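Student: Supplied in structure tokens, the structure appears directly below.
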Amino acid sequence: MRIKSNVHKSMKELLQQYAAYHVWATKQLADVMIKLSEEEVNREINSSFPSVYKTVQHLWKAEEIWWQRLKLVEHVELQSEKFTGTFSEMTVQLAKQNKQWADWVHAATENQLTHVFAYIRNKEQVKMPVYQMLQHLFNHATYHRGQLVTMLRQLGVDKIPSTDFAAFCRKK
């Protein structure tokens, strides 16, 4: 199914910019988080998810789910849920998933960006155009990166780089 839309080159350029920002912002925090001890990464902190580890795992899981939905995988399998490696290794996996999104957006055609795909959520079929899913994906990550910044502050980390979109744009 295809929706009527005028997704201009500027929409694709914006999505490419957000995808690049997504990779950059996650790396900014990962570079700080991998310096935490195992105890700090797993320390219970009151937030949407109970620790830095669980929050990063959630980010990875969400990206895996959306990737598999995009690829029309019928039975989603999540590496993030089976993962037994170190926290540092998990941040590498998240970075790979981030890059996979950026590469996909870079290569996407207008038809791919406007394509409406269906998926099952809570036993209900949902339809969404790909470009809206991408906007959701990038916003979702920004929301949880903000939580990670607060968690890092609660862990006593005082040197946390800005992950603002404006900071990303100034660095370019």
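The values are calculated or read from the model by the stated rules, or taken from the named source; none is laboratory data. Model, not experiment: these values are computed from the prediction. Every residue, glycine as well, gets a Cβ built from its backbone with ideal geometry; the counts of neighbours run over all protein chains shown. When the accessible area is computed, the model is the full protein with side chains, heavy atoms only, and any ligands, DNA or RNA have been set aside. Shrake-Rupley method; radii C 1.70, N 1.55, O 1.52, S 1.80 Å.
Student: State the number of residues belonging to segment 76-87 that are open to solvent by 50 Å² or more (accessible area, probe 1.4 Å) and in contact with an Asp or Glu (Cβ under 6 Å, 6 or more places away or on another chain).
Tutor: As a first pass, look at segment 76-87 and keep what is open to solvent by 50 Å² or more (accessible area, probe 1.4 Å): 76-77, 79, 81-82, 84, 86.
Next, from what is left, pick out any that are in contact with an Asp or Glu (Cβ under 6 Å, 6 or more places away or on another chain): none.
Residues that pass the stated criteria total 0.
Student: What is the residue count in segment 116-135 for residues that are farther than 26 Å from A30 by Cα, out of contact with any Leu (no Cβ under 6 Å at 6 or more places or on another chain) and open to solvent by less than 70 Å² (accessible area, probe 1.4 Å)?
Tutor: Total satisfying the criteria: 7.
Student: State all residues of segment 24-46 that are in a loop (DSSP other than H, G, I, E, B) and either modelled with pLDDT under 95 or open to solvent by 60 Å² or more (accessible area, probe 1.4 Å) (or both); if no residue qualifies, say none. Walk me through it before giving the result.
Tutor: Step one: list which residues in segment 24-46 are in a loop (DSSP other than H, G, I, E, B), which gives 34-37, 43-46.
Matches in segment 24-46: I34, K35, R43, E44, N46.
Student: Considering only residues of segment 68-85 that are assigned to a loop (DSSP other than H, G, I, E, B) and in contact (Cβ under 8 Å) with a residue 24 or more places away in the chain, which is nearest to A30 (Cα to Cα)?
Tutor: Restricting to residues being assigned to a loop (DSSP other than H, G, I, E, B) and in contact (Cβ under 8 Å) with a residue 24 or more places away in the chain, the top hit is F83.
Student: Find the residue count for segment 88-102, including only residues that are closer than 20 Å to V41 by Cα, more than 10 Å from the chain's Cα centre (by Cα) and crowded, with 16+ Cβ neighbours inside 10 Å.
Tutor: Qualifying residue count for the region: 3.
Student: Which count do you get for residues in segment 47-67 that are open to solvent by 20 Å² or more (accessible area, probe 1.4 Å) and either of a type in the set (F, W, Y) or assigned to a helix (DSSP H, G or I) (or both)?
Tutor: 9
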